[in-house]
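The values are calculated or read from the model by the stated rules, or taken from the named source; none is laboratory data. These figures come from a predicted structure and were not determined experimentally. Cβ placement follows ideal geometry from the backbone for every residue including glycine, while neighbour counts extend to all protein chains displayed. We work out accessible area using only protein heavy atoms, side chains counted, and drop any ligands, DNA or RNA first. Shrake-Rupley method; radii C 1.70, N 1.55, O 1.52, S 1.80 Å.
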Amino acid sequence: MSGFSPTGLSPKEIAAVNRICSKHGLKPEEYEEIVQRLGRHPNKAELGMFGVMWSEHCCYKNSRPLLKQFPTTGDRILVGPGENAGVVDLGDGLQLAFKIESHNHPSAIEPFQGAATGVGGILRDIFTMGARPIAILNSLRFGSLADARTRRLFTGVVEGIAHYGNCVGVPTVGGEVYFDPAYSGNPLVNVMALGLMETPEIVKSGAFGIGNPVLYVGSTTGKDGMGGASFASTELTDQSMDDRPAVQVGDPFLEKSLIEACLEAFKTDAVVAAQDMGAAGITCSTSEMAAKGGVGIELDLDLIPAREFDMVPYEYLLSESQERMLFVAYQGREQELIEIFHRWGLHAVVAGTVIEEPIVRILHNNQVAAEIPATALADNTPIYHRELLAQPPEYAAQAWEWTSQSLPVCTNAGIEIADRRPSWNDILLQLLDSPTIASKRWVYRQYDHQVQNNTVILPGDADATVIRLRPVMEEGVTDKADSSTPSKQPTTNNQQLKGIAATVDCNSRYVYLDPYEGAKTVVAEAARNLSCVGAEPLAVTDNLNFGSPEKPIGYWQLASACQGVADACREMATPVTGGNVSLYNETLDTAGNPQPIYPTPVIGMVGLIPDLTKTGTQGWQATGDVIYLLGLPITTATPQVSLGGSEYLVTIHGLVTGKPPIVDFELERRLQAVTRESIRQGWVNSAHDCAEGGLAVALAESCIAGKLGAQINLGVTSESLALRWDELLFGESASRILVSVNPEQQASWEAYLDEQLQGYWQQLGVVTEENADLQVLTGDNLALIEVKISQMCEYWENAIARRLSV
């Protein structure tokens, strides 16, 4: 349809309706559907409610059919998709809530508040379930740091995350940061949070009990964040700065009080259901709670605490003011809850009632301001089944034809590039200086990553973060992290102290070049990172960041990547417990041409460490330890090892092309199982995934982390080499882990490898003394790489700070 054109309206009225639809992010045919469902034209408030609830951000109208293929059940899954967060069973009475969310568009407009409120929002998803937040991770994407605007966005986002997390008292313990021109106009800010259940029962969001009171609790409602959900479902343009009112403003100190008040309230058993007022605010919380419970909610806006006194129903309903919740309480117990929130200095009022008729009825000035069936807003929303390209698009087909033979000639001494002949030492240092590979210390030093005193492995020390799980209390709840709060002694029953490991991962260049295989690689790498710290991968939360699904290429990328995530999660037995979809991540240039980001399906994964005394880190631990490569041998010339999509190819040659590596899941499972068991047996002193930059960068990172050198002999010569030297050194692959082993354990270790991983391991060398060199030799003892640790540290540690000082 080109526009709304029913009989009975004049051309002028039709044009006005089409303008209104555009303003609210609705298609003309969707407006017709609204009219049919209501049996009348909606008023302004109702149109606003439909606009936010029928946005992609809220109803997933383009992605929901694709999400249905994700595996969502498993032995440890207690809560899957559909609630505020997923919950998994950790055993011994411990339950973990976790989820990831995006705040991309707000951060592009106002980076500090956009990122800060992204943290606040994901924390509310966690404690709404009855869990105390224990950790935050983030996955960030920016353009080139050579661009002044990118530097402003980058520093603002990091400052916003640090401000909110540090003030609210939840440690930011890990994450990833990538830099690529594809994100210049549209940065990505994805935040993941974890929480440990404190309530005897998991708190759900479905309302029930006709006549039960509906409570509004938390902060006041203002005009900030107006229509943020709709704003998040459109492309960014040169006029997007005008949408600053759609960016929320957060108060982390108020959120800290809200955490404590909510957890205290949940323990009274007076709460029927709870819902965070996140995207779409009052509209979303009332409609979703009603629809999930098969009931209705009547809410009186005159009772809502407001910070501005000229607000109309449209503004109340679309406001995304932060730190607000909606509760349904058992009748007669509302005052008990109100007193808890007042004691914490928060607003709490009875603002509505659960009604039998399954509608959302909004009152204002003693009149009905809006009345809509709850399911029409919450779950019976438009769904678009789009046609998938029969063949890969031209850009992908061309990229897949590329081979490494088109690169300049290289030898064991280096490579010929134009009028330069850089050595492999030069290439390694240049890669370590790449902001994507380089140390993120400038970022994580701004985060309080040790508050709550449960962080076992600090940022930068390993492939995943590790958090201590405090034992279960005698009453059946967990010990509070706030050491200033008196608590009873925990009952340990001689249990080993457990830990939880978490990671966020996505190589978006892989996904751009091959969405299906690239997405599978993302899941495999997330699991591999957990295995490198000794954790058994349990479950996944995903954040799907893509361009417009209305464009054939954009939908092909989304659909193919979703299939890859689904297949990989089945292969790794890591069900998806929920997540977030962020589409329309495109920037319209001044000519109106859309510039999409790389498809970026970020995978947040959690894993269980049964014994916290047995974990792995990435740095060498002791001089004389023997270094091994587990997984694909370095001489392997297969599709599982590739320069396609590699950091080497883009950094050194300026190319984004080729076929990214393909995962062999049978090998991947064996490799990870061997790594976990070896850490638990005490054989392995360090473990590090070979990822961006390949084997050479992984060796350098282990040297830098441990401040110890390494002498490596690859065992191949120019005559016996089946690959190019750059493929061997910097080619990327799945299913490779670099480990170091105490020589006293070598015999039993190698016997175990022959039994479990025969043909897929090799001894590479030995750890040398402190601050020595990284020396990589050929089989006939010719030096490929020989670089001092101090020199590698200079490039790796200062790459980001140096670019920010421009």
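How would the range 294-355 be classified by its alpha-carbon gyration tensor: rounded, prolate or oblate, with rounded meaning a/c under 1.5 and the a/b versus b/c comparison settling the rest? Taking the square roots of the gyration eigenvalues as a ≥ b ≥ c, the range 294-355 is oblate. Could I have the simple spin-label model distance between Lys44 and Ser10, label points 7 Å from Cα toward Cβ, reported in nm to one decimal? Each label point lies 7 Å from its Cα, and together they span 2.1 nm. Taking the C-alpha atoms only, the angle from helix 44-53 to the longest principal axis of the chain is near 20 degrees. Using R0 = 22 Å, the C-beta based FRET efficiency linking Ala418 and Asn713 works out to 0.10. Bridgeable lysines around Lys44 (alpha carbons under 29 Å apart, same-chain partners fewer than 8 residues away excluded): Lys12, Lys23, Lys27, Lys61, Lys223, Lys292. According to the square roots a ≥ b ≥ c of the eigenvalues of the Cα gyration tensor, what is the shape class of the range 77-182, taking rounded for a/c under 1.5, prolate for a/b larger than b/c otherwise, and oblate for the remainder? Prolate shape, in that a/c is at least 1.5 and a/b is the bigger ratio. Shown in residue order for the range 320-326 are the 3J(HN,Hα) couplings computed by the Karplus curve 6.51 cos²θ - 1.76 cosθ + 1.60 at θ = phi - 60°: 10, 3, 8, 6, 10, 9, 10 Hz (x for Gly and Pro).
Measuring with a 1.4 angstrom probe and ignoring ligands and nucleic acids, Trp761 comes out at about 60 Å² accessible.
Rolled with a 1.4 Å probe across the full set of protein chains, the surface gives Ile304 an accessible area near 10 Å².
Here the spin labels are modelled as points 7 Å beyond Cα on the Cα-Cβ line, and at Glu394 and Gln746 they lie 5.8 nm apart. Shown are Phe266, Phe112, whose ranking by accessible area with a 1.4 Å probe and every protein chain present, most to least, is Phe112, Phe266. For the chain, the mean residue ellipticity at 222 nm estimated from helices alone is -10000 deg cm²/dmol, where every DSSP H run of n ≥ 4 contributes -39500 (n - 2.57) and the total is divided by all residues, rounded to the nearest 500.
For the range 82-120, the residues whose amide N sits under 20 Å from a probe point set 7 Å from the Cα of Glu159 along the beta carbon direction are 103-120. Phi angles across the range 196-207 convert, under the Karplus curve 6.51 cos²θ - 1.76 cosθ + 1.60 with θ = phi - 60°, into 3J(HN,Hα) values of 9, 4, 10, 9, x, 10, 6, 7, 9, 10, x, 6 Hz, Gly and Pro given as x. In summary, the convex hull built on the alpha carbon positions of the range 723-766 has an orientation-averaged projected area of 3.9 nm². With all pairs of different C-alpha atoms in the average, the Kirkwood value for the hydrodynamic radius of the range 44-93 is 13.5 Å.
Helix 694-706 and the longest principal axis of the C-alpha atoms of the chain enclose an angle of approximately 90°.
Please report, as a whole percent, how much of the solvent-accessible surface of the chain comes from carbon and sulfur atoms (probe radius 1.4 Å).
Within the chain, the accessible surface is 48 percent carbon and sulfur.
Ranking Thr617, Thr623, Thr521, Thr375 from most to least accessible surface, computed with a 1.4 Å probe over the protein chains only, gives Thr623, Thr375, Thr617, Thr521. Derived scalar couplings between HN and Hα for the range 299-314 equal 10, 9, 5, 5, 9, 6, x, 10, 9, 10, 9, 10, 7, 10, x, 4 Hz in order, rounded to whole Hz, by the Karplus curve 6.51 cos²θ - 1.76 cosθ + 1.60 (θ = phi - 60°), x for Gly and Pro. For the pair Gln331 and Lys68, a Förster radius of 30 Å applied to the C-beta separation gives a FRET efficiency near 0.20, rounded to the nearest 0.05. Candidate cross-link partners of Lys256 among the lysines, defined by an alpha-carbon separation under 16 Å and a same-chain spacing of 8 or more, comprise Lys480. The angle between the Cα long axis of helix 281-293 and the main principal axis of the chain comes to about 90°, on a 0 to 90 degree scale. Computed on the Cα atoms alone, the convex hull of the range 374-467 gives a volume of 270 cubic angstrom per residue. The orientation-averaged projected area of the convex hull spanned by the Cα atoms of the range 706-786 comes to 6.4 nm². If you average the alpha carbon positions of the range 364-389 and of the range 170-225, how far apart do those two centres end up, in angstrom? Distance between centres, Cα-based: 22 Å. Over the chain, accessible surface divided per residue gives 35 Å², non-protein components excluded, 1.4 Å probe.
Straight-line reach from Lys440: taking Cα to Cα under 24 Å and skipping same-chain neighbours fewer than 8 places apart, the lysines in range are Lys99, Lys707, Lys788. With the whole protein complex present, Ile202 retains an accessible surface near 40 Å², based on a 1.4 Å probe.
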